[in-house]
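Right, one structure below, let's go through it.
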Amino acid sequence: MATPLEPTKRAYQSTEQRQSATIEAVVHLCAEQDPSTLTTARIANEVGLSQGALFKHFPNKNSLWKSVAGWVSEQLTQRVFSVADQHKHADQALEAMFLAHIGFIARHPGIPRLMLGELQKPGNGPAKRIVRETLTNYRQKVISLLNLGIEQQRVTPTIDADAAAVLYLGAIQGLVVQGMVGGDIRSLEKIAPRIFRIFSACFQEAPDAPQA
């Protein structure tokens, strides 16, 4: 016999599933069109809801965009940082992060459109703040790995870690933009290792440095 709590539990799970499906739909749709032109009607249709039902899960479009930005931030940093943490040596961790980031974008081509769209918006809305915080945290992760690499004698001690972190992120962003312009973001995974090798040349230690 069902307990009084069971219907509530099912409803709560249903809400989570609807929210998750809506977020995934937004990410998918952003790969097909400019996020700024994406309407709640189009999103609702994608997940098989009426606009009224959609607003039961997200009070307004800003709330939805905040949730999408939060999902992107969590997924990106969790996957990319966890890959880095699997490596003992900082230079290997940096390469793993780079390739994992490009792989993540290749599988979710709507994400760069969404992030760039948020950063271009005037003001400092919730979604934009999340995107900016994500990029700041990412930059700090790169800097910390470069400093670790110096300690491990796998990164030259003369490197400007702050500037190198900007270059690291710039290489990823440049690749993504090229993929968007060429209309083939999935192909970026093939060229990403070559781009990283060029970047890594700027922080390689002298040939006689310990590499064990």
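The values are calculated or read from the model by the stated rules, or taken from the named source; none is laboratory data. Quantities reported herein were computed from a predicted structural model and do not represent experimental measurements. Backbone-built Cβ (ideal geometry, glycine too); neighbour counts: all protein chains shown. Surface areas here come from the heavy atoms of the whole protein model, side chains and all, with no ligands, DNA or RNA. Shrake-Rupley method; radii C 1.70, N 1.55, O 1.52, S 1.80 Å.
The largest accessible area among Thr136, Thr22, Thr15, Thr156 belongs to the first residue in Thr136, Thr15, Thr156, Thr22, and the rest follow in falling order (1.4 Å probe, all chains). Note on the chain: dipole from Cβ charges, positive end direction compared against Val80, Ala161, Ile43; the farthest Cα belongs to Ile43. Overall, the accessible surface of the chain at a probe of 1.4 angstrom is composed of carbon and sulfur to the extent of 52 percent.
A 19 angstrom limit on the alpha carbon distance is what I want to check against. Which of Lys88/Lys141; Lys61/Lys121; Lys128/Lys190; Lys121/Lys141; Lys56/Lys121 exceed it?
Lys128/Lys190; Lys121/Lys141; Lys56/Lys121
Membrane-span-like helices in the chain, defined purely by DSSP H runs whose alpha carbon atoms cover 15 Å or more axially and whose average Kyte-Doolittle hydropathy reaches 0.0, are 90-107, 110-120, 161-182, 188-200. Measuring only protein heavy atoms, the 1.4 Å probe finds His89 accessible over about 30 Å².
Give me the mean projected area, in nm² to one decimal, of the convex hull enclosing the Cα positions of segment 13-58.
Values: hull surface 11.4 nm².
Computed as one quarter of the Cα hull surface, the answer is 2.8 nm².
Rolling a 1.4 Å probe over the protein heavy atoms gives the chain an accessible area of 55 Å² per residue.
Annotation: extensible slack from Thr136 through Lys61 equals 24.5 nm (criterion: 0.36 nm per residue apart, minus Cα-Cα distance). With both labels modelled 7 Å from their Cα along Cα-to-Cβ, the Thr77 to Ile198 distance reads 3.0 nm. Over all distinct Cα pairs, what is the inverse of the mean 1/r for the chain, reported as the Kirkwood hydrodynamic radius in Å? Here the Kirkwood hydrodynamic radius works out to 19.1 Å.
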